[in-house]
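First up is the structure itself, then whatever we jot down about it.
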Amino acid sequence: MRNVFLFIRRYFNFLFFLVLQIVSLSFLFRYNKFHEAAFMGVAGEMTGRLNEKFNNVGYYFKLKMTNEELVRENKRLNQLLRENLEGPDSNRKLVSDTTYTDSLKKILKYVYLEAKVVGNSVNSQANFLTIHRGAAESVKPNMGVVSSQGIVGTVVNVSENYAVVMSLLHRQYKVVVKLKNGGDRGTVEWDGLSPFFITLKDIPKSARVNIGDTIVTSQTSSLFPPNIMVGTVHEIIDDKSSNFYSLRLRTATNFFNLEYVYVIQNTQYEEQKRIEDSTRKKFQ
Amino acid sequence: MSDLLKNTIRFFLFILVQVFILFKMPPLHRYITPYLYYLFILWLPFSMPRMSLTLTGFFYGLCLDYFTHTPGLHAAACTLIAYLRPFVINLLISQEGADKNYGSPSITSMGWAPYGTYVFVLTLFHHIYLVFLEWMSFGSFWYFIGKITATTGISMVLILLTELLFFRKDKFRTNTV
């Protein structure tokens, strides 16, 4: 017993070092499971506030560009207004019947919530954004985030007033997308090379792809509404040993100057998740 | 200014510079990430006990981690260099008792060559460990080698600039042993 104490006293510094290493490595590798709940709430609030202070300075210099972007988006939205579309609808007749189906009533599935970007990184291999909108304003993890140009990422962590978004430029980020022309689905991920390009995998060779084609979100991703811009095809990589193309896309979103983003709330996400999970459990 | 106050100010200053200037720079290449923040650990006084040195390194790294949303990554690397620091200093200190006569490691207290080696060795350890942890989750061997080389080069240039711009006058203290 005495020898054990002697050993500990002799190598105390080394043991202390080992303990700290184990603590930090367990933080690193068990991050998703328990860490965010325990520490990230408070720390996220603090770093978020600092980021916001810094952003107030940088934002001023980007006002002009942000304004131009908003004008462009307003123009696009104005064009979608109902009043712009005219023409008598002569091929549909309302017939009263005993069964009541309201074919005109639609439900609001996706709700857009605007948020200001207060922190953003592009030069690491694991990029995150911090947005100034948190749990108090109904942001939850697993909500899609888009900008006026295209998709941005997914919310992974929320505190009271801030939320952290895993950017499309993160090595572990994956999202299901489709070709606008033809509808073939594939998965987009980032190879870490350049913040301007992402890779789209698993597009079957039967699909007709040209350089410059538009890639949009697919309704199967369930985080994003369908047909939101993801990027355009920049290069087609034809791997002779497989039946699938790999496409290099230019991202629609410019990650360098993001100022405002929209968080998308899928009002039926929980319901869809529940039925999918229960099905999976049934057949395990 | 007392050592404690000076180092507390440095603590915040280095983290803010790293987060809001160096991490905000447009990326030059995927191999290059400019790191300067760990210079805080290299500048800590000689007289600090080894245990509190290691502990300071851990908390310092953790503080940066909360900004980059990677808890534990920088903390592990900083703990490593804070732990290794006394060994490297013992090997490199040239004059007898320089670590007693001067406050902290610097060009004046150690001399150009030993101080340069000290910075280079710890920079290398820091980057190897950091990139290694990153490499475990993704990347290839060439990414590993390339990133260590490029990042170490950039860090050394940054540290040289910092040393020249903010020259630390370290007074010779006698009778302090």
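FYI, it's all coordinate maths here, none of it is from the lab. Because the structure is predicted, anything quoted here is derived from the model rather than measured. No Cβ is skipped: glycine too gets one built from the backbone with ideal geometry, and neighbour counts run over all protein chains shown.
Structure notes:
- B:Lys147 vs. criteria among the basic types (Lys, Arg), in contact (Cβ under 8 Å) with a residue 40 or more places away in the chain and farther than 20 Å from A:Trp190 by Cβ: no
- Checked against the criterion of being more than 8 Å from chain A (Cβ to nearest Cβ), touching a residue at least 60 places away in the same chain (Cβ under 8 Å) and among the β-branched types (Val, Ile, Thr), the candidates B:Ile32, B:Ile9 yield just one match: B:Ile32.
- Flag if B:Leu122 is away from every other protein chain (no Cβ under 14 Å), assigned to a loop (DSSP other than H, G, I, E, B) and under 23 Å from A:Gln21 (Cα atoms): no
- On inspection, A:Gly119 qualifies as within 12 Å of chain B (Cβ to nearest Cβ), assigned to a strand (DSSP E or B) and crowded, with 23+ Cβ neighbours inside 10 Å.
- Residue check for B:Met51: assigned to a loop (DSSP other than H, G, I, E, B) and either crowded, with 22+ Cβ neighbours inside 10 Å or within 12 Å of chain A (Cβ to nearest Cβ) (or both): no
- Residues of the stretch B:67-117 classified as in contact (Cβ under 8 Å) with a residue 40 or more places away in the chain, assigned to a helix (DSSP H, G or I) and of a type outside the set (Phe, Trp, Tyr), total: 18
- The stretch A:180-193 - residue that is crowded, with 16+ Cβ neighbours inside 10 Å and part of a loop (DSSP other than H, G, I, E, B) and, of those, farthest from the other protein chains (Cβ to nearest Cβ): A:Asp184
- Every condition in (1) within 11 Å of chain A (Cβ to nearest Cβ); (2) over 23 Å from A:Ser124 (Cα atoms); (3) surrounded by 15 or more Cβ atoms within 10 Å (Cβ to Cβ); (4) not basic (Lys, Arg) holds for B:Pro45 except the one numbered (1).
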